Structures are given as structure tokens and as C-alpha cells.
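Inspection log for the structure reproduced underneath, given as C-alpha cells.
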Amino acid sequence: MENVQKRIPRPALKNRRAEIEQRLAGFGLGRGPRRLFDGERVAATGATRSRRLRAALEGLGPIFSAFALYLSSRADLWPARDCLELATIADRAAATPADVLRGVLSRETGGVPEQTFSAFETEPFESRLLFQSHYARLNNGRDVIVKVVHPEAENQLLYDLDLLMLLKNALADLELNESAFKSVVADGRKNAHELNEDTKPLAVNWADYADGRVLSGKEAYALGFVDQLGNFDSATAKAEELGEVKDKANLIEYRQRNDLAELFGMFGKSESRALKVDLGVELPKIRAGRMYFLSPLFLY
């Protein structure tokens, strides 16, 4: 499959890189000329580093904003004040027009939408930075939620994915030291045990291995970093138990996994698809300090 970056005109990519570097430098987060955009000089003067980082990323478009929101969810990696600041970025965007939406649906389903849906609400019930969500009903009578990636966000991804590396210097001062990282691990496992006595306690020598190294499942289990080992079937059974599913859950795989699932669950290869069908089942709440299994087949 064609590499994504080969489809990007080099002059356009170069200009986008310069734009990102200039903005980061303007907020004191990178090298280059410190030129701010109109109306931003006052906000940047005397602001904390986390506030400057938030303002810089928020002005770089939906991909960088979404990445900032992802960082805000990683209290295990960043100080709480930085997570709280990044979390103030609004996860919303203007909805994709109905005529453009119909074109996306036709392209992704391989025909007119009516061939797939007996009912489809063209007005989204939410429109987030990267996608918008619609209530719909399949022709077999099943109610679903359809998530459609904003075309402009998908196009921006071609430029911004590899350019996220430009944030390295901006994030350098926010990293946790080794002591803080081990404190997060210890607190997380302690909290997990308080919530569920069946969790596996940390081994006596666990701190010797909490340094970012790669461990096998058996090694992680022996050290107390995970509570249970298993395969996809056992993970599915656990999910059904947590979700209090009475009957066997219906698992539907409808497209290939994407390379970018870790960051943006709906993007990936150069021919990434923009349609996602959610079966409308509310998943159980994720608890801090617990380890969860997700098969690559279900990372879109």
C-alpha cells in the first residue's frame, strides 16, 4: 500500500512544518522566530508552560488538538496541572455538511446510503474534533451509531501525523522522573487492590523492573503489574462479565486494523476509511489501576 507521505506535495509539507515550528517558537516551546499571531501576545506573556502548550496546540488544528486531549488523559505520565490545562481544549467542531456527508457514506458503503440504512439522521447528535456521530438503523432493523470522520480532519492527518515529532522539545520539560513514575505505578496498583481484592499484589522487587522496559505477559504477571493472563476469548468473557451481558455478545469485525490506532482510533493507512459503526452498547467504566485487553482487530 502506498506510503501516506508520498501523497503529500513536498512544498506543502515544508510549509506546514514551518508553520508548526513558528507557532511553537512563538510560545517559547521550540526553536525559531518568536512571532505570535494577532491577539495571542497578551495570552503568552507570563503564562505557565502548560498554558502556552495548550494555546499552541489548540491553534494548530484538529489533529494537534486531539493529541493534546489524549495527553490530558495520561495522568500516569504528566503532572496533574498539565493534564487539567490540556483538558480545557474543546472537543468539538462544525458538522460536516449533509451533501458532503452523503458522499462519504456512499464511498464507504459502496453504494447509496439507502442500501445500508433504513433510517439515518443527517443531523449529528455530536460533532467532535475528528468525527461526528449519527443515529441510524440498518436494513436488518438493528439500531446503530455511525461515526464519520470530518473530511478536513482526515486530510490534515496526511500532513500532521509525522509532524507530531516536532513536539519533542515542547514536551521535554513535562516528563515524569523515574521516582514519580514508580510512585504512579505503586499508587495505581494499591488503588486497584482496594477496589478489588482479587487483584495481584506487586512483587517485592517490582521497582527494579519499573523502568519502561518491555516485559512478557508472564513476567508482568509474576511482578504484579497485571492481574490476569489470557487470550481474546477470555478478554471477551471478562468484558461480558463487567458489562453484565446476559446472552453471548455479538462481535462484529468489519474492517482491517489501522496503523494509527494508538492515537486516533479512526485513522490509519493511506486508504483509511472514514466510517465507523457503533452498536450502541455502553461499555463499562474503565477503572484506574486496572489492566484491560483490547484486540488489534477492534482498533480502527
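Would you mind getting me the FRET efficiency between ASP99 and LYS14? Use the beta-carbon distance for r and R0 = 35 Å, nearest 0.05.
E(calc), rounded to 0.05, equals 0.60.
Stretched out fully, how many nm does the piece from GLU194 to ASP76 gain, at 0.36 nm a residue minus the Cα gap?
Gain on extension, GLU194 to ASP76, equals 40.6 nm.
So if each residue of separation counts as 0.36 nm, and I subtract the Cα-Cα distance between MET165 and GLU121, what length gain in nm does that give?
12.0 nm
Cα centroid distance between the stretch 59-115 and the stretch 216-245, in Å?
Centre-to-centre (Cα) distance: 30 Å.
I need the Debye-formula profile for the stretch 62-199: one equal scatterer per C-alpha, no solvent, reported as log10 I(q)/I(0) at q = 0.11, 0.12, 0.17 1/Å, two decimals.
-0.63, -0.71, -0.96
Would you check the stretch 92-244 for Lys pairs whose C-alpha atoms are within less than 30 Å, ignoring same-chain pairs closer than 8 in sequence, and give me the count?
12
Here, each number is a calculation from the coordinates, and none is a lab measurement. In this text, all values refer to a predicted model and were calculated from it rather than measured experimentally. Cβ: placed from backbone, ideal geometry, glycine included. Neighbour counts: every protein chain shown.
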